[in-house]
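These notes are about the structure you will find just below.
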Amino acid sequence: MTGEDSIPLRFTLSEFAGSLGDFGTIIPLVLAVALVSNVNPRYILLFFGIWFILTGLYYRLPIPLEPMKAIAVIVIAGGIGSGEIAAAGLILGVLFLVLGYGRCFAVIGKWVPESVVRGIQLGLALLLFKASADFVIKDSFFFVIGIAIIVVFILLVHYKNVPDLSSICVIAVGVIGGIVLHGIPPTSLIPPPALVIPVPTDFPSALSTLVLPQVALTIANAILATSLLTKDLFGKDVPPKKLSTTIGLMNIVSVPFGGFPMCHGAGGLAGQYRYGARTGGASIIAGLIFIILALFFTSPQVLSIVAVGVLGALLVFVGIEMGRHSLKSDSLSITGLIGVLALVVSITVAFIVGIAAAYLLMWVKRRPADKSPAA
């Protein structure tokens, strides 16, 4: 966005609060991936930091970055190595860079009904509630404290016109609680980078195991749903092809040097907006935080210092924000079907079934009008 459409960057307390809004999604995934695989969490967060800053400067809006969730979940479940992860990132980087040119997403956007995209939003909201429930089980004490802090700020914002700094307070309480429970973790400087070059045999395995489950999720959530939610929240048009291009670039550049496959995400956008982010300044602040963590402090012990209950509290209200926008659907039945399928099966299956159901419903609605009157 340039010229008259350019949005001024702000670096206020509200932007700082909003910059923390997606940490409840990013940090647990990065920590889990680092614990079960041979990837280096320092370089995962370093590239997150770099690309958060670049996207903040480019879009001028708090367009989020997240680990590619399908890949992260499969890696966590199967302990897949860095070569296959890098191969998947390179394949997806090339694919989305190609899709970002020409009219690919104009065609995709034309044939994917809005109710399907809203359904993906609803599914993400339900998955966030589920993730929050997992955190409650692990740490109910700090979950309740986090919820209480957020509710207090909701009341203060409504009745006293106080800025919503709930995420800052919640994260601060979580860090203090983590130090009390686990002590101060060790710190060390980041080691020199090492190239991660996948061997030829990594590519077929990565394609079948990691890439195919991720493609539909990235198109539906990271691109189409993020573009739609940007219009809902900011009244700004961020074309899907632009989001596809930045996803392609960040993966091609990052994964050979130890970065993890990443994308944008409607859930992250809802989270950052919910806690105060309104400009790309929030993304730049988040990027600086990740770079500092990567350079000086990152280790599994440092990442786990935040009491997980407060992360669950943040996710509850992100889910509410996401779910609220999903109800703007032009077909609540299709949106509800996709949301439930995303929760109980997978987002990929929900996306495919949802498109089929949406077109079947449109065909049924048109059918009586197509019949000619009897002679």
Residues satisfying the stated conditions in region 274-287, i.e. crowded, with 24+ Cβ neighbours inside 10 Å and not in a helix (DSSP H, G or I): Y275, G276, A277
Selection count, region 152-194, where residues are closer than 16 Å to E15 by Cα and assigned to a loop (DSSP other than H, G, I, E, B): 4
Total residues in region 125-182, condition loosely packed, with under 15 Cβ neighbours inside 10 Å, in contact with a Leu (Cβ under 9 Å, 6 or more places away or on another chain) and under 18 Å from G24 (Cα atoms): 1
Region 309-361, subset among the hydroxyl-bearing types (S, T, Y) and closer than 14 Å to S115 by Cβ, residue nearest to the chain's Cα centre (by Cα): S326
Filter pass, P204 being touching a residue at least 60 places away in the same chain (Cβ under 8 Å) and either open to solvent by 80 Å² or more (accessible area, probe 1.4 Å) or not polar (S, T, N, Q) (or both): no
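Scanning for something in contact with an Asp or Glu (Cβ under 6 Å, 6 or more places away or on another chain) and either modelled with pLDDT of 95 or more or open to solvent by less than 10 Å² (accessible area, probe 1.4 Å) (or both), does region 323-336 turn up at least one residue?
Yes, some residue in region 323-336 is in contact with an Asp or Glu (Cβ under 6 Å, 6 or more places away or on another chain) and either modelled with pLDDT of 95 or more or open to solvent by less than 10 Å² (accessible area, probe 1.4 Å) (or both).
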Contacts under 7 angstrom Cβ, first residue in region 26-52 being under 17 Å from L189 (Cβ atoms), partner among the aromatic types (F, W, Y) and open to solvent by 30 Å² or more (accessible area, probe 1.4 Å), 6 or more apart: Y43/F257
Test: residue in region 88-106 that is surrounded by fewer than 19 Cβ atoms within 10 Å (Cβ to Cβ) and touching a helix residue (DSSP H, G or I) at 6+ places or on another chain (Cβ under 6 Å): yes
Contacts under 6 angstrom Cβ, first residue in region 304-323 being of a type in the set (D, E, K, R), partner open to solvent by less than 10 Å² (accessible area, probe 1.4 Å), 6 or more apart: E321/A270
Odd one out for V73, checked against (1) under 15 Å from the mean Cα position of the chain (by Cα); (2) hydrophobic (A, V, I, L, M, F, W, C); (3) closer than 27 Å to A277 by Cα: (3)
Search result, residues across region 55-81 that are surrounded by fewer than 20 Cβ atoms within 10 Å (Cβ to Cβ) and either closer than 15 Å to V211 by Cβ or touching a residue at least 12 places away in the same chain (Cβ under 8 Å) (or both): L57, Y58, V73, I74, I76, G78, G79, G81
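The values are calculated or read from the model by the stated rules, or taken from the named source; none is laboratory data. Quantities reported herein were computed from a predicted structural model and do not represent experimental measurements. Heads up, the Cβs are rebuilt from the backbone with ideal geometry, glycines too, and the neighbour counts pull from every protein chain shown. For accessibility, only protein heavy atoms count, side chains too; no ligands or nucleic acids. Shrake-Rupley method; radii C 1.70, N 1.55, O 1.52, S 1.80 Å.
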